[in-house]
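S.K.: The structure that follows is given in the form of structure tokens.
The values are calculated or read from the model by the stated rules, or taken from the named source; none is laboratory data. Please read these numbers as outputs of a predicted model, since none were measured by experiment. Cβ placement follows ideal geometry from the backbone for every residue including glycine, while neighbour counts extend to all protein chains displayed. Surface areas here come from the heavy atoms of the whole protein model, side chains and all, with no ligands, DNA or RNA. Shrake-Rupley method; radii C 1.70, N 1.55, O 1.52, S 1.80 Å.
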Amino acid sequence: MISYLQVESLTKSFGDNLLFENISFGIADNQRVALIAKNGTGKTTLLNIIAGNEDYQSGSISFRRDLRIGYLDQNPDFPKQLSVIDACLRSDNEAVRTIAAYEHCMLSEKHEGLDEILSQMDLHKAWDYETRIKQILGKLKISNFEQLIGELSGGQLKRVALANVLIAEPDLLILDEPTNHLDLEMVEWLEDFLKRSTMALLMVTHDRYFLDRVCTNIMEIDHQGLFQYAGNYSYYLEKRQERIENFNAETERTVNLYRKELDWMRRQPQARATKAKSRIDQFYEIEERAKQRRNNDAVQLDVKASYLGSKIFEAKYISKAYGNLKILDNFYYNFSRFEKMGIVGKNGTGKSTFLKMLLGEVKPDSGSFDIGETVVFGYYSQDGLAFDEQIKVIDVVRDIAEEVQLGNGKKMSASQFLQHFLFTPETQYNYVYKLSGGEKRRLHLCTVLMRNPNFLVLDEPTNDLDIVTLNILEEYLQSFKGCVIVVSHDRYFMDKVVDHLMVFRGDAELKDFPGNYTDYREWNELMEEQEREEKKINDAKIKSQDNKTQLSNNQNNKEKEIKRKLSFNEKKEFEALEIDIPKLETEKSEIETLLASGTLSTDEILKASHRHGELNNLIDEKTMRWLELSEI
């Protein structure tokens, strides 16, 4: 394999916060590597360092000569006045730049300079390239090419940035959370695209199905070190557990040795100078090792839900549209107690709008929501909370409540509650702006749950949360004594949490499916297969009918061919007509000459006129018969 990237003894810290120390790894051609770590431990920082956007304390990074690198930032940034097509085709690739010029020319009214651009397209062999680019843009639902970047939502901007790095076809592709803001159809297309691609890949993602199906290698940052696994996500889970168990077994042996050495140290008189210096030094090394533990520190979500009555909510014939875009049309639904509904569908079909109508943030055009008196909503927004960046983490929680009620008379302080969410006392007194994106999402989740909701409305809760937090959130939701509606593109998360799906198909078409996402996908593939089979059968029937029609036409043609052989009498008649018609035409011409001469008497004129009419009729009749016989 050809080495693309080599990292040696890399160390990075922010002040006293050490992210990783002396880590080393390499990436070769055709490798697809995923980077896994808890939020705030340096995943995005490491990607930024490799991309050249962040410095580091020590170590070295080397690339293969002339290596082309593409980087999808977690929060991409383009000039606000740049058009969408220019952002998508922003590249050093000459063919891509030519295609950008071609697209601009075609979007203009006069198509100025088209001939020159067409010759450049031929020169750089850009036509096949353009077809592939259009496929990428189409799959990512990017169509308004002249729209300005400053007018896009965060999700649209992320898709434009993703299109840009895919179109550039780098040798090494670095992706930070590529599945965020993609609908399920886009995620599955991207999976297939990356699996078929020859690009080397280094990415951070929380999508576990994506990890399992795309990646060939896993790297994990844990306790400032790096651990590598040559396999997909399932292999990583198995080997990681073995690593932790082996480490803890070794630690237990060290703890036993530490106890013996500690007893020895305590038994030695303080004033004796004959203690073995090497053994004392060794004792402190054993002590440090004995205090190292590997565990699966996780968010402890044990918040008690408020009492929930039997009446939840009833959607009474809701209709909602934005211009020609219909979201709901006379929609009725009665939500059940402890129901867990997953909402899926393509972007723009109205999933988030439905949630906002339920919560009263958006009004329906007609219809109403009848919500039970005991319902206490907890809304985890896709956009997150707009935290004041200049206040401390602990104050975010204290602004909501000094204490959190856990039920059964139990409660905990705001600080204790934050520790359950893995916010250490030091982190609690940090300012919000120092938190990573994932830590801010975790803080948002903390503020939602501490209000003791009994109905959780979660809009894309998996974005930017680490896998450890997702696992615990899944377990919490499975045992949650309340109702849940969740919108998510994370298929693994949906499979573990929901009882059924509400599928938004667009144009106000909804389908209530009794099962999780994998069940729905299998059913949908079966339906698509049946449709394909039915189409084959229908096509075969149409082809068969066409063949019958053609056969019938051929038969008719053969019959006509048989009829074309004139009988003896018809042949004689046809030959006679070819003689008679010219004679009649001659006679008609002679009469017309006489009538025009002025030499005829009145009786002769009347007689000639009468004969002229007879000749016209005879000529018409014989000509029609001649035509009939000539076509046989």
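S.K.: Has region 142-153 got at least one residue that is closer than 28 Å to A34 by Cα and at pLDDT 85 or above?
M.R.: Yes - at least one qualifying residue is present in region 142-153.
S.K.: If you go through region 617-632 one residue at a time, how many are open to solvent by less than 100 Å² (accessible area, probe 1.4 Å) and either in contact with a Lys or Arg (Cβ under 9 Å, 6 or more places away or on another chain) or within 16 Å of I579 (Cβ to Cβ) (or both)?
M.R.: 9
S.K.: So, in region 162-181, exactly how many residues are surrounded by 21 or more Cβ atoms within 10 Å (Cβ to Cβ) and either part of a strand (DSSP E or B) or among the acidic types (D, E) (or both)?
M.R.: Of the residues in region 162-181, 6 are surrounded by 21 or more Cβ atoms within 10 Å (Cβ to Cβ) and either part of a strand (DSSP E or B) or among the acidic types (D, E) (or both).
S.K.: If S24 satisfies every condition in (1) assigned to a loop (DSSP other than H, G, I, E, B); (2) at pLDDT 95 or above but one, which is the exception?
M.R.: (1)
S.K.: Tell me which residues, restricted to region 5-18, are open to solvent by 10 Å² or more (accessible area, probe 1.4 Å) and in a strand (DSSP E or B).
M.R.: Scanning region 5-18 gives Q6, E8, S9, T11, S13, F14, N17, L18.
S.K.: Name the pairs whose Cβ atoms lie under 7 Å apart, with the first residue in region 182-207 and part of a helix (DSSP H, G or I), the second open to solvent by 20 Å² or more (accessible area, probe 1.4 Å) and modelled with pLDDT under 90, and 6 or more positions between them or separate chains?
M.R.: These pairs meet every condition: E185/K346.
S.K.: Only one of (1) within 22 Å of T44 (Cβ to Cβ); (2) of a type in the set (D, E, K, R); (3) not in a helix (DSSP H, G or I) is not met by R159, so which one is it?
M.R.: The one condition R159 does not meet is (3).
S.K.: To continue, here is another question. Are there any pairs with C-beta distances below 6 angstrom linking a residue in region 30-55 that is open to solvent by less than 10 Å² (accessible area, probe 1.4 Å) and at pLDDT 95 or above to a residue that is among the charged types (D, E, K, R) and not in a strand (DSSP E or B), with the two at least 6 apart or on different chains, and if so which?
M.R.: Every condition considered, the pairs that remain are L35/K43.
S.K.: Among (1) at pLDDT 90 or above; (2) open to solvent by less than 70 Å² (accessible area, probe 1.4 Å), there is one condition P514 misses while meeting the rest; what is its number?
M.R.: So the condition that P514 fails would be (2).
S.K.: Let me ask something else. Scanning region 92-114 for residues that are within 21 Å of R132 (Cα to Cα) and outside any helix (DSSP H, G or I), which turns out most open to solvent (accessible area, probe 1.4 Å)?
M.R.: Across region 92-114, the extreme among qualifying residues is D92.
S.K.: Go over the candidates S306, S278, S310 one by one and state the one that is within 27 Å of V484 (Cα to Cα), open to solvent by 60 Å² or more (accessible area, probe 1.4 Å) and modelled with pLDDT under 90.
M.R.: Just one listed residue meets the conditions, S310.
S.K.: Still on this model: Considering region 428-443 alone, what residues qualify as being in contact (Cβ under 8 Å) with a residue 40 or more places away in the chain and open to solvent by less than 60 Å² (accessible area, probe 1.4 Å)?
M.R.: The answer is V432, L435, S436, G437, G438, E439, K440, R441, R442, L443.
S.K.: So, one more: Could you list, in sequence order, all residues of region 432-450 that are touching a strand residue (DSSP E or B) at 6+ places or on another chain (Cβ under 6 Å) and not in a helix (DSSP H, G or I)?
M.R.: Passing the criteria: only M450.
S.K.: If you don't mind, there's one more thing I want to ask. Return the residues of region 463-502 that are touching a helix residue (DSSP H, G or I) at 6+ places or on another chain (Cβ under 7 Å), within 17 Å of E185 (Cβ to Cβ) and part of a loop (DSSP other than H, G, I, E, B); say none if nothing qualifies.
M.R.: Answer for region 463-502, where residues must be touching a helix residue (DSSP H, G or I) at 6+ places or on another chain (Cβ under 7 Å), within 17 Å of E185 (Cβ to Cβ) and part of a loop (DSSP other than H, G, I, E, B): S488, H489.
S.K.: Residue check, F193 against (1) surrounded by fewer than 15 Cβ atoms within 10 Å (Cβ to Cβ); (2) more than 22 Å from T469 (Cβ to Cβ); (3) not charged (D, E, K, R), all met but one. Which one?
M.R.: (1)
S.K.: Which condition from (1) modelled with pLDDT of 80 or more; (2) touching a strand residue (DSSP E or B) at 6+ places or on another chain (Cβ under 9 Å); (3) surrounded by 15 or more Cβ atoms within 10 Å (Cβ to Cβ) is the one that E402 breaks?
M.R.: Every condition holds for E402 apart from (3).
S.K.: What do you reckon, is I85 under 30 Å from C105 (Cα atoms) and either in a loop (DSSP other than H, G, I, E, B) or hydrophobic (A, V, I, L, M, F, W, C) (or both)?
M.R.: Taking the combined requirement at face value, the residue satisfies it.
S.K.: Taking region 370-384, which residues are open to solvent by less than 40 Å² (accessible area, probe 1.4 Å) and outside any loop (DSSP other than H, G, I, E, B)?
M.R.: Within region 370-384, G378, Y380 meet the criteria.
S.K.: Scan region 366-388 and report the pairs whose first residue is without any contact (Cβ under 8 Å) to a residue 24 or more places away in the chain and whose second residue is open to solvent by 60 Å² or more (accessible area, probe 1.4 Å) and of a type in the set (A, V, I, L, M), with Cβ atoms within less than 7 Å and a gap of 6+ or a chain change.
M.R.: none
S.K.: Just the residues that are outside any loop (DSSP other than H, G, I, E, B), of a type in the set (G, A, S) and open to solvent by 50 Å² or more (accessible area, probe 1.4 Å), please, taken from region 225-256.
M.R.: S234 - this is the single residue of region 225-256 that is outside any loop (DSSP other than H, G, I, E, B), of a type in the set (G, A, S) and open to solvent by 50 Å² or more (accessible area, probe 1.4 Å).
S.K.: Next up: Select from region 324-365 the residues that are hydroxyl-bearing (S, T, Y), part of a strand (DSSP E or B) and surrounded by 14 or more Cβ atoms within 10 Å (Cβ to Cβ) and list them in ascending order.
M.R.: The answer is Y333, and nothing else.
S.K.: Could you tell me whether L172 is modelled with pLDDT of 90 or more and of a type in the set (A, V, I, L, M, F, W, C)?
M.R.: Spelling it out, L172 is indeed modelled with pLDDT of 90 or more and of a type in the set (A, V, I, L, M, F, W, C).
S.K.: Next question. Quick one: G348 ticks every box in (1) within 17 Å of L328 (Cα to Cα); (2) in contact with a His (Cβ under 8 Å, 6 or more places away or on another chain) bar one, so which box is it?
M.R.: Looking at each condition in turn, G348 falls short on (2).
S.K.: Could you check how many residues of region 58-99 are in contact with a strand residue (DSSP E or B) (Cβ under 9 Å, 6 or more places away or on another chain) and at positive phi?
M.R.: 1
S.K.: Residues of region 385-418 being over 15 Å from V448 (Cα atoms), assigned to a strand (DSSP E or B) and of a type outside the set (A, V, I, L, M, F, W, C), which ones?
M.R.: Within region 385-418, K392, G407, K410, K411, S413 qualify.
S.K.: For R491, all conditions in the list (1) of a type in the set (D, E, K, R); (2) open to solvent by less than 70 Å² (accessible area, probe 1.4 Å); (3) under 30 Å from G372 (Cα atoms) hold save one; what is the number of the exception?
M.R.: (3) is the only condition that R491 fails.
S.K.: If I117 passes every condition in (1) β-branched (V, I, T); (2) more than 23 Å from K346 (Cβ to Cβ); (3) assigned to a helix (DSSP H, G or I); (4) in contact (Cβ under 8 Å) with a residue 24 or more places away in the chain but one, which one does it miss?
M.R.: (4)
S.K.: Could you tell me how many of the residues in region 453-462 are part of a strand (DSSP E or B) and β-branched (V, I, T)?
M.R.: 1
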